[in-house]
Amino acid sequence: MDQAIAFVYVLGSQKAYDMAPSERVDPGWHSFMLHTQEYAAWCQEQFGYFVHHSPNARVRTRPLMVSVADRVAAAGFEVDARLWGTTAECNQPACCGDGDGC
């Protein structure tokens, strides 16, 4: 769940809508959003607006996940590479889950 919160924080604070969560991080975001009042209050407190989950057609490739994980780390969060599909031992399909290039 901490990776999902870190992802949403970077997404919301940087308005980085070119990002996508990994297949393993996305369920954490979904879980947070299910607590709608808490999620809405957190978004308002952090960013001043509600961060919507807008699924897009981006394929989760290893280069995209590396880029997103790097941005999360640059924002000061610890990155669990196993959840982002960025580990050296990453292999299909356990890596990103739904894209090639891992």
Legend entry - Residue count for region 17-70, restricted to those that are surrounded by 14 or more Cβ atoms within 10 Å (Cβ to Cβ) and closer than 17 Å to W84 by Cβ: 19
Inset, instruction - Test G99 against the criterion of being at pLDDT below 95, over 13 Å from the mean Cα position of the chain (by Cα) and surrounded by 15 or more Cβ atoms within 10 Å (Cβ to Cβ), and give yes or no. - result: yes
Inset, instruction - Spot the failing condition for F32; the list is (1) under 13 Å from the mean Cα position of the chain (by Cα); (2) modelled with pLDDT of 95 or more; (3) over 18 Å from A6 (Cβ atoms), and only one is missed. - result: (3)
Inset, instruction - Filter region 33-79 for residues that are closer than 17 Å to Y9 by Cβ and of a type in the set (V, I, T) and give the result. - result: V51, V68, V72, V79
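The values are calculated or read from the model by the stated rules, or taken from the named source; none is laboratory data. Only a predicted model underlies this, so the values are computations on that prediction, with no experimental measurement involved. Don't worry about glycine lacking a Cβ; one is built from the backbone with ideal geometry, like all the others, and counts go over all protein chains shown.
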